[in-house]
Amino acid sequence: MRRYKKIVKKTYIIYFKTSGAINIVDDVDPEYPDIDYDDSKDTPSENPYDGTVYDELKCRDKNITKPGEKGNNKGDWKENSNYVIGDFVEYNGVTYRAIKDVANGKNPLDDKGNNWKPVNPPTWVQSASYEKDDVVIYLSKYYQATDNINNSQQNPASTEKWKLLTEDELKKIIQEHADGNFCKINGNQEDKSCDANRPPTVGKEICEKDENVTTQYQNGNNKGPWTANTNYKKGDFVSVRIGEDIVWFRAMRDADGLHFSPELTTEHTVWKRIDDTWSDRGGYEKGNVVIVEVKGKNYYFQCLSDGTNNPLNYLKYPSLGGWQVVEWTGTEWKVTCTTNCTYD
C-alpha cells in the first residue's frame with residue numbers, strides 16, 4: 001500500500017499522494033492513520049476503525065492472486081480484468097472490495113460506486129457504494145447504512161439511509177465483528193448461497209461454478225463473460241452485464257456459435273438465469289425451483305417441464321400446468337399444491 005506524508009495539527013490529518021490527492025477531513029484519531037489490518041502486538045488494542053467496514057480486511061487473504069484465480073486478494077486493480085464479489089483491490093492508495101461481480105469494469109474511483117466499496121480508510125466517500133449494515137466514519141461519528149446504497153451522494157448526516165450509532169450500538173457491532181464467523185457472513189454472498197441449510201433453488205446453482213475462468217477449449221464450467229460465436233457446453237456458466245449488474249447464466253444444452261446474448265428471449269431455450277427469483281430473462285429445466293411473489297408473499301414454484309412458461313400464468317390458468325407449488329422440508333421439496341391453489 002502506498003504511504004502518505006502527513007501533517008498533524010490538533011485533531012486533523014491531511015494525506016497527500018504524488019499522483020492526485022486524497023483528503024480525509026477530521027480524522028477520527030490522528031494516532032491511528034491509514035494502516036493495514038494486523039493482529040500483531042504492534043497493532044493498537046483499541047483501533048478507532050473497529051466496527052467499521054475496515055474490519056473486512058480480516059477477511060482478505062494474505063497472498064495476492066491474479067484475477068480469475070482462487071483467492072480474494074488481487075493487489076493493485078488491473079484494467080480489462082474480471083473480479084468477483086468479495087475481491088479486494090488497491091487503487092490510488094485506497095482498498096476497495098467488490099460488492100458485485102465486475103467484468104472489464106472501470107477503475108473503482110471512476111466506477112461511480114456501482115461495483116466497489118472503499119474499506120480502508122473507512123471514512124464515508126461520496127459516489128461510493130455501501131451495503132446494508134455497513135459502518136463508516138463521517139466527521140468523527142459512526143454511521144450504519146440502513147439499506148444498500150449505490151453511488152452514494154448524500155452524506156450520512158443528511159439522509160435516512162444512514163443511522164447515527166450510539167456508543168453502546170457501536171460496541172455491540174465491534175463484538176459481532178470479533179466473532180470467528182464474521183468473514184463467513186460478511187461480504188461473501190456466494191458462501192451464503194452455498195449454505196447447506198439454504199433451499200436448493202436455481203440461485204444456489206452458483207455454488208457449482210468453478211472458481212477459475214477457463215476458455216472454450218479447456219475443462220471447467222466457468223467461462224467468464226459471454227462472447228458471441230463461442231462454443232459452450234451444457235452446464236457452462238457465463239456472465240452478462242445487464243444495466244449496472246453482472247448476471248450469471250447457465251447453458252441448458254450445448255450451444256455452438258450463438259450470436260445473441262443469453263438474456264434475449266430468442267435464447268431462452270439455451271440459457272437459464274441463475275437467480276432465486278423467477279425471471280423472464282431465461283428458461284428453466286424440469287425440477288428447477290424459483291421464488292414467485294404472490295399477493296406480497298413469496299412462494300416456491302417447481303418447474304414440471306423444460307421451458308419458459310410464466311408461473312403467474314399458471315396461477316390464473318392451472319390447466320396450463322408447467323409449475324407446482326412446493327416447500328422445502330430440509331431434505332427435499334414437498335408438493336403443497338398443484339391445482340386450485342389459494343394464496344393468503
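Every number here is computed from the coordinates shown, using simple stated rules; none is lab data. Note that the coordinates shown come from a computational prediction; the quantities given were computed from them, not determined experimentally. Glycine also receives a Cβ, built like all others from the backbone with ideal geometry; neighbour counts cover every protein chain displayed.
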When a footprinting reagent is the concern and you count Cβ atoms within 10 Å, what order do Asp50, Asp254 take, fewest first? Asp254, Asp50
Dimensionless Rg/Rh of region 34-189, both radii on Cα and Rh by Kirkwood, sits at 0.95
Label points 7 Å out from Cα along the Cβ direction at Thr227 and Phe182: separation in nm? 4.1
Starting from the Cα of Thr336, step 7 Å along the direction of its Cβ; do the same at Lys70; then give the gap between the two resulting points in nm. 3.9
I'd like the Kirkwood hydrodynamic radius of region 119-188, using the inverse of the mean 1/r over distinct C-alpha pairs, in Å. 12.6
Amide H to amide H under 5 Å from Ala255: which residues, 5+ apart in sequence or cross-chain, H placed 1.01 Å off N in plane? Tyr232, Lys233, Lys234
The residues Phe249, Phe237, sorted from fewest to most surrounding Cβ atoms within 10 Å, come out as Phe237, Phe249
Quick note on Ser140, Ser129, ordering by fewest other C-beta atoms within 10 Å, gives Ser140, Ser129
In nanometres, what is the gap between the two model label sites at Gln216 and Asp306, each 7 Å from Cα along Cα-to-Cβ? 2.0
Among the listed pairs Lys70/Lys132; Lys58/Lys161; Lys58/Lys132; Lys106/Lys161; Lys161/Lys295, which are separated by more than 21 Å between their Cα atoms? Lys70/Lys132; Lys58/Lys161; Lys106/Lys161; Lys161/Lys295
Can you tell me the equivalent ellipsoid semi-axes for region 199-273? Use √(5λ) from the Cα gyration tensor, largest first, whole Å. 17, 16, 12
